[in-house]
Amino acid sequence: MKYFLLFVVVIVVLMLHKKNRASRQAMQERPKTQRLSAPEPMHACTRCGVNVPASRCVWDAQQRPYCCAEHARQG
């Protein structure tokens, strides 16, 4: 009976060791977090004042930013 108990304890210890080693390897294999790009400048719409990212602004002939084509048309 004592050999059976010793066998069970050894098996449990080996299983825990294997699980711990696998989790450490998984953590090491994770890709490094990518750096976020720099924040994009925001511009306030000339008509309504809503802040819009520079890439989504609609610009008029005088280079004034608008939030949409409708506001750019209205001036």
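The values are calculated or read from the model by the stated rules, or taken from the named source; none is laboratory data. The model shown is predicted, which means the values in this text are computed figures rather than measured ones. Glycine also receives a Cβ, built like all others from the backbone with ideal geometry; neighbour counts cover every protein chain displayed. Only protein heavy atoms, including side chains, enter the accessible area calculation; ligands, DNA and RNA are left aside. Shrake-Rupley method; radii C 1.70, N 1.55, O 1.52, S 1.80 Å.
For this structure, a couple of remarks:
- Flag if residue 73 is at negative phi, in contact with a His (Cβ under 6 Å, 6 or more places away or on another chain) and of a type in the set (D, E, K, R): no
To keep it simple, each residue is scored yes or no on (1) in contact with a Lys or Arg (Cβ under 7 Å, 6 or more places away or on another chain); (2) touching a residue at least 12 places away in the same chain (Cβ under 8 Å); (3) assigned to a helix (DSSP H, G or I).
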position	(1), (2), (3)
3	no, no, yes
7	no, no, yes
16	no, no, yes
20	no, no, yes
23	no, no, yes
35	no, no, no
49	no, no, no
61	no, no, no
72	no, yes, yes
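- Residue match in the stretch 27-34 (condition: open to solvent by less than 80 Å² (accessible area, probe 1.4 Å), of a type in the set (Ser, Thr, Tyr) and out of contact with any Ser or Thr (no Cβ under 6 Å at 6 or more places or on another chain)): no
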